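*Asks:* What follows is a structure written as structure tokens; I'll ask about it next.
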Amino acid sequence: MCSSDLLLQSQSSPSTSHTNFATPQSSLTQLSMAEFLQQIDEIEDTGDYYCKFLEGFEKQRIKVRHLCKLSDKQFEACGVTTIGDIETIKDAAKKYK
């Protein structure tokens with residue numbers, strides 16, 4: 001799990017930490033950005049590569065539901081600069097519009 005979300009998850013109501021992209025949460029507020037990025041890392045088998053973007057998204061107050069609407073320039077403001085990473089995140093986020 002993305003490390004900065006562990007404390008928040010322990011303080012909030014229980015949620016599923018391993019959600020499949022194909023089965024989105026019933027409420028967008030139930031899926032944290034850390035959980036979303038962790039899912040991508042699990043599916044892409046990239047260790048904690050995508051979790052490293054958590055701080056940039058949090059700094060800009062980006063929620064999972066916002067990801068589909070971001071421009072490439074806005075992704076860059078969050079620290080996501082490569083085309084492949086942007087496209088991977090956008091593709092995964094489509095299920096949580």
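*Asks:* May I ask you to verify whether Gly84 is of a type outside the set (Ser, Thr, Tyr), outside any helix (DSSP H, G or I) and modelled with pLDDT of 90 or more?
*Replies:* No; evaluated as a whole, the condition is false for this residue.
*Asks:* Which residues, counting only those in segment 83-96, are over 12 Å from Tyr50 (Cα atoms) and among the β-branched types (Val, Ile, Thr)?
*Replies:* Across segment 83-96, the qualifying residue is only Ile83.
*Asks:* Mind telling me which of the residues Lys90, Lys95 ends up being more than 16 Å from Cys2 (Cα to Cα), in contact (Cβ under 8 Å) with a residue 24 or more places away in the chain and assigned to a helix (DSSP H, G or I)? Break it down stepwise before answering.
*Replies:* Working: Lys90 fails: in contact (Cβ under 8 Å) with a residue 24 or more places away in the chain.
Just one listed residue meets the conditions, Lys95.
*Asks:* Does segment 66-76 hold any residues that are part of a helix (DSSP H, G or I) and exposed (fewer than 14 other Cβ atoms within 10 Å of the Cβ), and which are they?
*Replies:* Lys69, Asp72, Lys73 - these are the residues of segment 66-76 that are part of a helix (DSSP H, G or I) and exposed (fewer than 14 other Cβ atoms within 10 Å of the Cβ).
*Asks:* Still on this structure, please answer the following. I need the full set of residues from segment 47-94 which are of a type in the set (Gly, Ala, Ser) and touching a Leu at 6+ places or on another chain (Cβ under 7 Å), in order please.
*Replies:* Ala93
The values are calculated or read from the model by the stated rules, or taken from the named source; none is laboratory data. Everything numeric here is computed off the predicted structure, so don't read it as measured data. Heads up, the Cβs are rebuilt from the backbone with ideal geometry, glycines too, and the neighbour counts pull from every protein chain shown.
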